[in-house]
1. Estimate the FRET efficiency between I29 and A53 by the formula 1/(1 + (r/R0)^6), using the beta-carbon distance for r and 25 Å for R0, to the nearest 0.05.
2. About its Cα centre, how strong a charge dipole does the chain have in debye, to the nearest 20, once Lys and Arg get +1 and Asp and Glu get -1 at the Cβ?
3. Mind checking the log10 I(q)/I(0) for the chain at q = 0.13, 0.19, 0.21 Å⁻¹? Debye, one equal scatterer per Cα, no solvent, two decimals.
4. Which of I9, I29 comes first, and how do the rest follow, when ranked by fewest Cβ neighbours within 10 Å?
Amino acid sequence: MHVQQMKYIVGDQVKFPLGGQILQGTIAIADFMGSLENDYHSYDISVRGDVNAGLYKHLPEADIV
């Protein structure tokens, strides 16, 4: 099985769609091959300073723009 290298690392600034909006945040945790239930890379992204502030967990790499 060939596994692709992760595109992002902890500390990268990224954007991702959520509820019709595009949020911007910082990669806090990079999960190589995701969580136990998933077989893709995922990330926990910290969003600060607005009404959407929080930690968004297990976002698939394919969802990051």
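1. 0.90
2. With Lys and Arg at +1 and Asp and Glu at -1, about 200 debye.
3. So the normalised log intensities work out to -0.33, -0.67, -0.80.
4. I9, I29
Laboratory data are not the source of any read-out in this text; all were calculated from the coordinates shown. Remember, predicted model here, so these are calculated numbers, not experimental data. Positions of Cβ are generated from backbone atoms using ideal geometry, with glycine treated the same way; all protein chains shown enter the neighbour counts.
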